[in-house]
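Since the structure comes first, as structure tokens, the remarks are kept for the end.
The values are calculated or read from the model by the stated rules, or taken from the named source; none is laboratory data. Not measured: the values here are computed from a predicted model. Cβ coordinates were reconstructed from backbone atoms using ideal geometry, including for glycine residues, and neighbour counts include every protein chain displayed.
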Amino acid sequence: MSNALRLKSGTALMVALGLTLGAFTPIISAAPVIAQTQPQIQFADVPSSHWAYSFINSLATRNVIAGFPDGTFRPDELVTRAQYAAMVRQAFSQSSVRSATAFVDVPANYWAAAAIREADMMGFLSGYPGGIFQPSQNIPRAQVLVSLANGLNYTASNQASLGVYRDAASIPEYAVASLSAATERRLVVNYPDVQTLRPNQTATRADVAAFIYQALASQNQVATVNSPYIVGQQVAAQTSLSAGTTLAMTYAESEKIVVLPDETAALTLTVSQTVTDSAGNVLVPAGSQVVGELRPSGSGSQFVAQELVLTGGQRLAINATSQTVTTMETIRRGATFGETLAGAVLGSGAAAAIARTTGDQSVGTLEVLAGTATGATLARIFGRDQVEVIAINPNQDLTLTVNEALVLSAR
């Protein structure tokens with residue numbers, strides 16, 4: 001927790017203390033810091049209209065791939081075997097299937113030596129005869145797909161799936177079985193023509209991002225992307241999150257949130273457990289965010305969701321709510337935060353009321369959520385010897401229930 005006041009809104013306490021009541025002067029003087037919802041990575045050369053936008057953006061948020069210092073991704077740049085090994089190492093954590101190979105052309109101080117060694121031990125990459133790896137060699141599309149199918153131990157039921165490609169005759173013999181498996185598992189993404197594989201063409205950074213993403217999707221590690229360039233993807237039925245579905249949530253900032261009974265406070269939670277359908281397909285991956293706010297509900301407080309932000313960057317309006325939390329705590333004059341609310345995150349109204357009641361200026365060390373409490377409430381509280389607040393354990397109290405079916409994507 002920062003040693004200075006961190007406001008989720010620069011005007012949070014001004015609204016609570018100044019604009020609402022006029023006569024009161026804010027007692028917390030630390031400079032406000034504007035905090036944003038965790039941004040979705042956006043590369044200057046990968047607009048949302050780019051065919052690989054969803055693949056690239058999602059992997060970038062997972063730190064599997066990265067852009068360049070100038071803010072670009074360079075999706076059409078070619079990929080070497082060493083660069084691909086580095087991406088595989090970041091994307092997967094498979095158990096080793098063989099001992100390390102000492103490649104004669106990969107010295108110990110080579111920048112990708114560790115990545116090459118681990119990709120080899122996991123079974124994703126192999127060398128050439130004579131103990132050669134050729135790290136600087138550009139990697140063909142077929143070789144990437146063979147690598148992923150082999151590393152994930154995928155096998156094909158038959159080779160009939162390759163009939164979907166107009167250029168199937170150009171597939172190298174060594175790649176036939178593995179490409180059949182990759183096709184059946186929907187690892188293959190062909191742009192601009194979904195029926196043209198181009199197996200011997202060097203893979204671009206966009207190609208590799210799409211292939212790796214699909215490999216992760218096949219393992220239910222990421223949500224399914226709707227793209228007309230995924231081979232075998234059928235665009236027909238819609239996938240939806242049905243009413244009654246529960247979402248387990250977490251809040252990394254603190255294990256306690258404190259608000260006044262009639263306070264509204266903006267809050268962003270994180271999905272802690274992946275949600276799948278009956279077939280095991282990922283609907284909402286862990287790490288997705290839910291943007292909403294705590295609102296008064298009866299004699300307690302309830303989280304009301306407004307927007308679901310999937311890990312790939314897709315943003316969807318969502319109708320979901322938590323239970324009403326009614327756990328109350330009494331803060332009395334003369335108390336200190338060390339005795340009562342150390343480490344808590346406070347609603348701006350609660351922060352103002354507690355600081356006024358206790359006289360403890362260490363409220364400035366706590367994080368304050370953007371929001372407001374009514375002027376009538378603050379007027380009643382200020383000058384009293386105690387204040388009643390609602391104490392919320394976000395990791396336990398804010399499990400969400402979907403109230404209205406949410407269409408996620410077409411598949």
Of all residues in the range 159-192 being assigned to a loop (DSSP other than H, G, I, E, B) and among the aromatic types (Phe, Trp, Tyr), which is surrounded by the fewest Cβ atoms within 10 Å (Cβ to Cβ)?
191
Based on this model, can you work out whether residue 199 counts as farther than 19 Å from residue 65 by Cβ, out of contact with any Leu (no Cβ under 9 Å at 6 or more places or on another chain), assigned to a loop (DSSP other than H, G, I, E, B) and not polar (S, T, N, Q)?
no
Checked the range 184-200 for anything charged (D, E, K, R) and within 13 Å of residue 144 (Cα to Cα); matches are 198
Qualifying positions in the range 165-183 - in contact (Cβ under 8 Å) with a residue 24 or more places away in the chain and under 15 Å from residue 144 (Cα atoms)
171, 172, 174, 175, 178, 179, 180, 181, 182, 183
Tell me which residues, restricted to the range 98-147, are in contact with a strand residue (DSSP E or B) (Cβ under 9 Å, 6 or more places away or on another chain) and among the polar types (S, T, N, Q).
134, 136, 137, 138
Here, helices (runs of 4 or more DSSP H) confined to the range 50-142 with at least 2 residues that are in contact with a Lys or Arg (Cβ under 6 Å, 6 or more places away or on another chain) are 113-122
Kindly indicate the residue of the range 282-313 that is part of a loop (DSSP other than H, G, I, E, B), surrounded by 19 or more Cβ atoms within 10 Å (Cβ to Cβ) and polar (S, T, N, Q) and also modelled with the highest pLDDT among those meeting that condition.
288
Quick test for you: out of 107, 135, 140, pick the one residue that is crowded, with 17+ Cβ neighbours inside 10 Å, more than 22 Å from residue 187 (Cα to Cα) and at pLDDT 95 or above.
135
Can you confirm whether residue 169 is under 26 Å from the mean Cα position of the chain (by Cα) and not aromatic (Phe, Trp, Tyr)?
no
